[in-house]
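All remarks here apply to the structure that follows.
The values are calculated or read from the model by the stated rules, or taken from the named source; none is laboratory data. Computed from a predicted structure; not experimentally measured. For neighbour counting, all protein chains shown are included, and Cβ atoms are generated from backbone atoms with ideal geometry for every residue, glycine included. We work out accessible area using only protein heavy atoms, side chains counted, and drop any ligands, DNA or RNA first. Shrake-Rupley method; radii C 1.70, N 1.55, O 1.52, S 1.80 Å.
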Amino acid sequence: MAQKSQEKGVTGGVPVVTDPGRVRNVVLVGHSGAGKTTLVEALLAATGTIGRAGSVTDGTTVSDHDPAAVRQQRSVSLACAPLMHDGIKVNLLDTPGYADFVGELRAGLRAADTALFVVSAVDGMDAATAALWEECAAVDMPRAVAVSRLDHPRADFDEAVALCQRVFGDNVLPLYLPMLGDDGISTVGMLGLITRRVFDYTGGLPADVREPDPEHLPAIAESRNELIEGIIAESEDETLMDRYLEGEEIGTDILIEDLEKAVARGHFYPVVPVCAETGVGLDALLEVLTAGFPSPLEHDVPAVAGVDGTPHPPLTCDPDGPLVAEVVKTTIDRHVGRVSLVRVFSGTLRPDQTVHVSGHGMADRGHPDHDADERVGHIYSPLGATLREVGLCVAGDVCAITKSGSAETGDTISAKEDPLLIAPWEMPEPLLPVAIVARSRSDEDALARNLARLVAGDPTLRLDRNPETHQLVLWCMGEAHADVVLERLRTGGVELDTEPVRVALRETFTVPAKGHGRHVKQSGGHGQYAVCDIEVEPLPPGAGFEFVDRVVGGAVPHNYIPSVEKGVRAQMERGLVAGCPVVDLRVTLFDGKAHSVDSSDAAFQTAGALALKDAAEKGQPALLEPVDEVVIRVPDSSVGAVMGDLSGRRGRVLGTEPDTTAEGRTLVRAEVPHTELLRYAVELRSMTSGTGTFRRTFVRYEPMPTHLADQIRKEHT
């Protein structure tokens, strides 16, 4: 991440504010290909932040500076792009639209106070975007809609608005209508519904504002009436509707003021047509972002507590309050090291300040709890990959810090003398396992270093070193996420391969059996002599291991009986038929032989192991596989397909129930063998058009079908 402001064509000054009321934090969301990154480029160019808008296809945009994003021509990580407009600093947070990178989306939502939904006038929206609208609605996050790609021949603004109204619900109304050029195809301007003015962009930005032509008046009148009624319905002035219905002309100033209040409260959702290529609507959109969206002063600060969990009074967005900030994203740059994108919620972050960095509650994902005091070096205003040094970052603003020794995504930065911890945001569980192996010993060291960096920056990535299968497994959100992670590892100089993920199985006996273990060797001097006879009985699932001594007459000396048990336990760990641990057995030692000179602890350990192996040849050992309980959350329309698919995975459906958290969704509960779920994250997404999610918990081990068990035995031999 370079620190030169000349990079990416940066021409504007560094935006710095000291008043939270002059900050707007806006996250751009929408499906992949909707035009979010292109829109950010256009807004940056329109405000003079950069000299010329870059191109996604050319890999020259501010947001998509990651090599993986350039190669795939789609965003794969969160990017911050601040601009200044009318004295207001707008931090645009560009998020990936592909479902695999939902962790980056969550980080953007955490750092933002408002959301701009970018909906393509060509492709509409996906179901994941609709679900995200519901999520924002649950917390009353202010929202607006930008209908993009109006320059495309198949663009249909009216259909896009109708779709938004069907999916998003009430009060989704356009503030402007697109105006076509003389060719009847290209969009050259907009019709302002509140002001009843034409905004003509044929001469570029800023638009030429003029009176509408007669042919525009019917369209303006019809849409304007609907818009005014929607605004008045949300007005705090209860007399306004009566005055409007009585025929009074409501003043433009009153309408705009009520509109801005309704948007800020999250009760009204303006729609603005925009065309990033031609500049149509960019100034109108900037007006919504700065005047319609609320400042951080109007947004609640997340709950905080002491690092030991002690309650703490609620904080406000006060630059003079106690310092509380959160690392919303961490990356490792080859030139400057660790770069942390930080949202300051309270207080002011300054250079050379000693702060407390704390991270708790993510140990299950490879982030051990940690607390450390560190000195903040420089503070930067990030513009994509470009870092521009600033003198401070006040409450409500977003900045970047570098070279922190311990800061990870989700960590809290607070005052050294008053360390605090922010309540974590919800992160989805990674459910696609990818087993990786380094090609050489030197690659193993590089792999360990690079994995630590990746896990520190990506809370949706979980690292699992499985002690039973001896595999290093990366749990990812999906195939695209896995591709990016592997590419970053290889870019970091690691030569690695992937291999099939092995599931940790178990073995057990299905019928009682007897085993004879004889270990007799003579090679000069002291020999080795041990004989033991055991009886093996299967126990109920989960009962564990029992060892019973039933030797009589001293056939096996008392001091060697623990040796037999030790040998049996060792063989159980090594497995009998497929190299898997043996469980749920009772082993009874009932006879044996010893030699006064040649018997030893080691000899009886070996004999115990041989006896168990001998019993296995008669005891019909079975392979056990782990079974998970899964709770699958899908749209009602996908329930049938999901349940049919579960039966093909040897799953048992336990029942279905309506999802009380979202209308039109169903929870399907089932028990499914772990081996059938290795790629379920990908396949469920395909079945449900990206809207299905699931969680899983281990419940027990069950016998594996004979034909599958036989196949594993053959692979082991």
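Please verify whether LEU486 is closer than 24 Å to GLU617 by Cβ, aliphatic (A, V, I, L, M) and in contact with a Leu (Cβ under 8 Å, 6 or more places away or on another chain), treating the condition exactly as stated. Spell out the reasoning first.
Details: closer than 24 Å to GLU617 by Cβ: no; aliphatic (A, V, I, L, M): yes; in contact with a Leu (Cβ under 8 Å, 6 or more places away or on another chain): yes.
So LEU486 fails the test.
Name the residues in segment 410-455 that are part of a strand (DSSP E or B) and closer than 17 Å to LEU323 by Cβ, would you? Steps first, please.
In the first step, residues of segment 410-455 are kept if they are part of a strand (DSSP E or B); the result is 412-415, 418, 420-422, 432-438.
Within segment 410-455, THR412, ILE413, SER414, ALA415, ASP418, LEU420, LEU421, ILE422 qualify.
Being crowded, with 20+ Cβ neighbours inside 10 Å and touching a residue at least 24 places away in the same chain (Cβ under 8 Å) is the requirement here; does SER414 meet it? Lay out the reasoning, then the answer.
Details: crowded, with 20+ Cβ neighbours inside 10 Å: yes; touching a residue at least 24 places away in the same chain (Cβ under 8 Å): yes.
It is true that SER414 is crowded, with 20+ Cβ neighbours inside 10 Å and touching a residue at least 24 places away in the same chain (Cβ under 8 Å).
Which one is most open to solvent (accessible area, probe 1.4 Å) among residues in segment 1-29 that are at pLDDT below 95 and among the basic types (Lys, Arg)?
Residue satisfying both the conditions and the ranking: LYS4.
Please determine whether any residue of segment 433-441 is modelled with pLDDT under 85, open to solvent by less than 50 Å² (accessible area, probe 1.4 Å) and of a type outside the set (Asp, Glu).
No, segment 433-441 contains no residue that is modelled with pLDDT under 85, open to solvent by less than 50 Å² (accessible area, probe 1.4 Å) and of a type outside the set (Asp, Glu).
So ALA407 fits all but one of (1) at pLDDT below 95; (2) not in a loop (DSSP other than H, G, I, E, B); what number is the exception?
All conditions are met except number (2).
I need the full set of residues from segment 306-328 which are over 21 Å from GLY361 (Cα atoms) and among the small types (Gly, Ala, Ser), in order please.
Residue satisfying the conditions is GLY321 alone.
Which condition number in (1) within 24 Å of MET704 (Cβ to Cβ); (2) in contact with a Leu (Cβ under 6 Å, 6 or more places away or on another chain); (3) open to solvent by 30 Å² or more (accessible area, probe 1.4 Å) is the one that VAL583 fails?
Looking at each condition in turn, VAL583 falls short on (2).
If you take the residues of segment 297-338 that are more than 21 Å from ALA400 (Cβ to Cβ) and among the aliphatic types (A, V, I, L, M), which of them is modelled with the lowest pLDDT?
So, considering only residues that are more than 21 Å from ALA400 (Cβ to Cβ) and among the aliphatic types (A, V, I, L, M), the one modelled with the lowest pLDDT is VAL307.
Condition (residue is open to solvent by 20 Å² or more (accessible area, probe 1.4 Å) and part of a helix (DSSP H, G or I)) applied to segment 195-209: is it met by at least one residue?
No: zero hits.
Conditions tested, residue by residue: (1) at pLDDT 95 or above; (2) over 30 Å from PRO540 (Cα atoms); (3) out of contact with any helix residue (DSSP H, G or I) (no Cβ under 6 Å at 6 or more places or on another chain); (4) polar (S, T, N, Q).
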| site | (1), (2), (3), (4) |
| --- | --- |
| VAL630 | yes, no, yes, no |
| GLY640 | no, yes, yes, no |
| GLY655 | no, no, yes, no |
| GLU663 | no, yes, yes, no |
| ARG669 | yes, no, yes, no |
| MET687 | no, yes, no, no |
| MET704 | no, no, yes, no |
| GLN711 | no, no, yes, yes |
| GLU715 | no, no, yes, no |
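Here are some residues: PRO174, PRO153. Which one is within 24 Å of ASN25 (Cα to Cα) and open to solvent by 10 Å² or more (accessible area, probe 1.4 Å)? Let's see the steps before the verdict.
Details: PRO153 fails: within 24 Å of ASN25 (Cα to Cα).
Exactly one residue qualifies, and that residue is PRO174.
Let me spell it out: the conditions are (1) open to solvent by less than 30 Å² (accessible area, probe 1.4 Å); (2) modelled with pLDDT of 90 or more, and ALA130 meets all of them except one. Which number is the exception?
Here ALA130 meets the rest and fails (2).
Give segment 241-253 a look and list any residue that's within 45 Å of the chain's Cα centre (by Cα), surrounded by 10 or more Cβ atoms within 10 Å (Cβ to Cβ) and under 18 Å from VAL263 (Cβ atoms), or say none. First the steps, then the outcome.
In the first step, residues of segment 241-253 are kept if they are within 45 Å of the chain's Cα centre (by Cα); the result is 241, 252-253.
Adding the requirement that they be surrounded by 10 or more Cβ atoms within 10 Å (Cβ to Cβ) leaves 241, 252.
The answer is THR252, and nothing else.
Against the definition (of a type in the set (D, E, K, R), under 16 Å from ASN25 (Cα atoms), more than 31 Å from the chain's Cα centre (by Cα) and open to solvent by 10 Å² or more (accessible area, probe 1.4 Å)), how does GLU287 come out, yes or no? Break it down into steps so the answer makes sense when it comes.
Details: of a type in the set (D, E, K, R): yes; under 16 Å from ASN25 (Cα atoms): yes; more than 31 Å from the chain's Cα centre (by Cα): yes; open to solvent by 10 Å² or more (accessible area, probe 1.4 Å): yes.
In short, yes.
Counting only residues that are in contact with an Asp or Glu (Cβ under 9 Å, 6 or more places away or on another chain) and buried (at least 24 other Cβ atoms within 10 Å of the Cβ), how many does segment 388-403 have?
3
Is it the case that some residue within segment 30-48 is open to solvent by less than 10 Å² (accessible area, probe 1.4 Å), of a type in the set (Val, Ile, Thr) and in a loop (DSSP other than H, G, I, E, B)?
no
Yes/no per residue for (1) open to solvent by 20 Å² or more (accessible area, probe 1.4 Å); (2) within 30 Å of ARG71 (Cβ to Cβ); (3) of a type in the set (D, E, K, R); (4) modelled with pLDDT of 90 or more:
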{"site": "ASP483", "(1), (2), (3), (4)": "yes, yes, yes, yes"}
{"site": "LEU496", "(1), (2), (3), (4)": "no, yes, no, yes"}
{"site": "PHE509", "(1), (2), (3), (4)": "no, no, no, yes"}
{"site": "ARG518", "(1), (2), (3), (4)": "yes, no, yes, yes"}
{"site": "GLN522", "(1), (2), (3), (4)": "yes, no, no, no"}
{"site": "GLU535", "(1), (2), (3), (4)": "yes, no, yes, yes"}
{"site": "PHE547", "(1), (2), (3), (4)": "yes, no, no, yes"}
{"site": "TYR560", "(1), (2), (3), (4)": "yes, no, no, yes"}
{"site": "ALA570", "(1), (2), (3), (4)": "yes, no, no, yes"}
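Looking only at segment 85-125, count how many residues are in contact with a helix residue (DSSP H, G or I) (Cβ under 9 Å, 6 or more places away or on another chain), closer than 20 Å to LEU286 by Cα and not basic (Lys, Arg).
20
As an exercise: evaluate ALA107 against (1) of a type in the set (Gly, Ala, Ser); (2) open to solvent by 10 Å² or more (accessible area, probe 1.4 Å); (3) under 28 Å from GLY410 (Cβ atoms) and give the number of the one condition it does not meet.
Result: ALA107 fails condition (2) only.
In the list LEU463, LEU539, which residue meets the criterion of being open to solvent by less than 70 Å² (accessible area, probe 1.4 Å) and under 30 Å from ALA107 (Cα atoms)?
Numbers: LEU539 fails: under 30 Å from ALA107 (Cα atoms).
Selected residue: LEU463, the only one of LEU463, LEU539 that is open to solvent by less than 70 Å² (accessible area, probe 1.4 Å) and under 30 Å from ALA107 (Cα atoms).
Restricting to segment 645-678, and then to whatever is of a type in the set (S, T, N, Q) and part of a strand (DSSP E or B), can you tell me which residue is least open to solvent (accessible area, probe 1.4 Å)? Please lay out each step first, then the result.
Here is the first cut: in segment 645-678, the residues of a type in the set (S, T, N, Q) are 647, 656, 660-661, 666, 675.
Narrowing the set further to residues that are part of a strand (DSSP E or B) leaves 656, 666.
Details: THR656: 75, THR666: 20 Å².
Here the answer is THR666.
Search segment 290-304 for residues being out of contact with any strand residue (DSSP E or B) (no Cβ under 7 Å at 6 or more places or on another chain) and of a type in the set (Gly, Ala, Ser), and hand back the single one that is least open to solvent (accessible area, probe 1.4 Å).
ALA291
Wholly within segment 216-291, which helices (runs of 4 or more DSSP H) include no fewer than the required count, namely at least 1 residues that are of a type in the set (Ser, Thr, Tyr)?
Where helices (runs of 4 or more DSSP H) fall fully within segment 216-291 and carry at least 1 residues being of a type in the set (Ser, Thr, Tyr), they are 217-233, 240-245, 252-264.
Scan segment 691-707 for residues that are open to solvent by less than 90 Å² (accessible area, probe 1.4 Å) and either free of Cβ contacts under 8 Å to residues at least 60 places away in the same chain or more than 21 Å from ASP628 (Cβ to Cβ) (or both) and report the count.
Qualifying residue count for the region: 2.
Go through (1) in contact (Cβ under 8 Å) with a residue 12 or more places away in the chain; (2) open to solvent by less than 50 Å² (accessible area, probe 1.4 Å); (3) farther than 20 Å from ARG149 by Cα; (4) not hydrophobic (A, V, I, L, M, F, W, C) one by one and return the number of the condition GLU260 breaks.
The failed condition is (2).
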